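*Asks:* Please see the structure below; I have some questions.
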Amino acid sequence: MTMGDRLRELRLRKNISQEEVAKQIGITRSAYSHYEINNRQPVYETLKKLAVLFNVSLDYIIGGEQPTKPDTQMMPEALEIIRILNSMDQDKRKQSIDRMMAVIRQAE
């Protein structure tokens, strides 16, 4: 199975469009579609984003045998929060986490 086949399979399992994948990892739909049809290879940073989005290992995407088995299923909202936090600089990330923790503590 090629990398493009794997990416397509993962996307279909998640039941999202090429447009949605591209939007979530910060590339164009056209660029992503080239990955699925094996016309182009994603750069390392894009591969990392795809692995996070699909909740699999880099090894699986590039040809390994088994996807990473998560201990729990993450809600889409949790994945979005992680994506946003990963895009922040360290200070903003710490401030955001501190605020979220304060809200969680108040809700308990």
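The values are calculated or read from the model by the stated rules, or taken from the named source; none is laboratory data. Small disclaimer: the values here were computed from a predicted structure and weren't measured. Ideal geometry is used to build each Cβ from the backbone, glycine not excepted, and the neighbour counts take in all protein chains shown. For the accessible areas, the whole protein counts, side chains as well, though only heavy atoms, and no ligand, DNA or RNA atoms are used. Shrake-Rupley method; radii C 1.70, N 1.55, O 1.52, S 1.80 Å.
*Asks:* Name the helices (runs of 4 or more DSSP H) wholly inside the stretch 25-69 in which the number of residues that are at pLDDT 90 or above and charged (D, E, K, R) is 3 or more.
*Replies:* It comes to 44-54.
*Asks:* Okay, next question. I'm told Arg11 meets every condition in (1) within 16 Å of Tyr60 (Cβ to Cβ); (2) open to solvent by 40 Å² or more (accessible area, probe 1.4 Å) except one. Can you identify the failing condition by its number?
*Replies:* (2)
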